[in-house]
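The values are calculated or read from the model by the stated rules, or taken from the named source; none is laboratory data. Here the structure is a predicted model, which means the values were calculated and not measured. Here the Cβ positions follow ideal geometry from the backbone for every residue, glycine too, while neighbour counts run over all protein chains shown. Each accessible area value is taken on the protein alone, full model and side chains, heavy atoms only, with ligands, DNA and RNA left out. Shrake-Rupley method; radii C 1.70, N 1.55, O 1.52, S 1.80 Å.
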Amino acid sequence: MQYYNNNTLIYLDGDFVKASQAGVDFYGQALHYGYGAFEGLRAYNTHNGTRIFKAEQHFERLQQSCEAINIPYKWNNRELVEKTYELLALNNLREAYVRPLVLSGSNMHLTSATDSKILIAAWEWGPYLGQNLLKVCVSNIQRPNPKAFPVNSKISGQYINSILASSEAIKKGFDEALLLDQNGFVVQASSENLFIEKDFKIYTAPQQDAFPGITRQTVINICRNLNFEIIEKPLTVEEVYAADSAFLCGTAAEIIGIRQVDHIEYKEDWEHTIGASIQRRYKNLVLENENYEVII
């Protein structure tokens, strides 16, 4: 997939520059050690114009991720939101995936960053995992131990773990991987949160174990406002196998149903599941087809 051409602009530390001409710091810790933080946002073409879903929350989380690993964050989030809208307009993008990335500066020592830069890029990108029901597998790659790493932050180097798990799944003929924690519980997918349905109830891993996704919290809010019972608890592999249905959610993937986990195929027709109802509500929400501000 081509993410940019000779005319594509990115926002780089205060200026709009051509992506093809943006320089790279070859002595930066972000390049050598994965010492950076990033976010993912989606812009939707709504009847109110181009709207970025929960933009402020995403930039606040970017700031929190930087602070968690001692990367200086010197920007005003409201201004970054404004610059993102400007970037979309300059690239004539009405629907897009947006990637802010904070890069640490030059430093070959294993010490905290003293300098940083921010870039924001955007490109047209459909749902990350497609729109068909997924085949997923339980991965041999574990989610990082929270005592060793701030796993509730979007840190660049952490996603090597996700790349390994996802690549392993695809080689085996699956679409995505489910990761276990150090205690053997199913926590999430490589870059999405997991929800399962059983006996008309929705279950998901506790937030202290799984990544605190913004889409995850939106799904929880939708469940509560539709009076679907939602329970946060550690999930065993057996409970995931025995579910009536399941789905993944995330900004890039949006909400996508699961057809099969390892050798177990769910019998419930996806269109008749609670997950499908949540998927439809989520789409209405991001497209601003109804006024959900009171309930979300």
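The table below gives the values:
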{"read-out": "Solvent exposure of the range 7-121 as accessible area per residue, Å², 1.4 Å probe", "value": "51 Å²"}
{"read-out": "Solvent-accessible area per residue for the range 132-285 (1.4 angstrom probe, square angstrom)", "value": "43 Å²"}
{"read-out": "Extended-chain gain in nm, criterion 0.36 nm per residue less alpha-carbon gap, Lys198 and Phe26", "value": "56.9 nm"}
{"read-out": "Gyration tensor verdict on the range 63-114 (Cα atoms; rounded if a/c is under 1.5, prolate if a/b is larger than b/c, oblate otherwise)", "value": "prolate"}
{"read-out": "With every protein chain in place, the range 132-285: carbon and sulfur % of accessible area (1.4 Å)", "value": "50 percent"}
{"read-out": "Rough spin-label spacing in nm, given labels placed 7 Å along Cα→Cβ, for Asn227 and Phe149", "value": "4.3 nm"}
{"read-out": "Efficiency of FRET from Cβ geometry, Gln260 and Lys18, R₀ 35 Å, rounded to 0.05", "value": "0.20"}
{"read-out": "Protein accessible area in the range 7-121, 1.4 Å probe - carbon and sulfur %", "value": "47 percent"}
{"read-out": "Calculated log₁₀ intensity ratio I(q)/I(0) where the Debye formula runs over C-alpha points of the chain, q = 0.07, 0.14 Å⁻¹", "value": "-0.27, -1.11"}
{"read-out": "Gained length - Leu164 relative to Glu79, 0.36 nm times residue gap less alpha-carbon distance", "value": "27.1 nm"}
{"read-out": "Accessible-area ranking of Phe174, Phe149, Phe247, largest first, probe 1.4 Å", "value": "Phe149, Phe174, Phe247"}
{"read-out": "Trypsin sites (Lys or Arg not before Pro) lying in DSSP loop within the range 235-285, provided at most 13 other Cβ fall within 10 Å", "value": "Lys267"}
{"read-out": "Between the range 7-68 and the range 151-222, the Cα center-to-center distance that results, in Å", "value": "23 Å"}
{"read-out": "Hull-based mean projected area of the range 7-121, where the convex hull spans the alpha carbons, in square nanometres", "value": "6.9 nm²"}
{"read-out": "Rh (Kirkwood; distinct C-alpha pairs) - the range 121-232, Å", "value": "15.1 Å"}
{"read-out": "Nearest-10 value in Å² for the accessible area of Met108, using the 1.4 Å probe", "value": "80 Å²"}
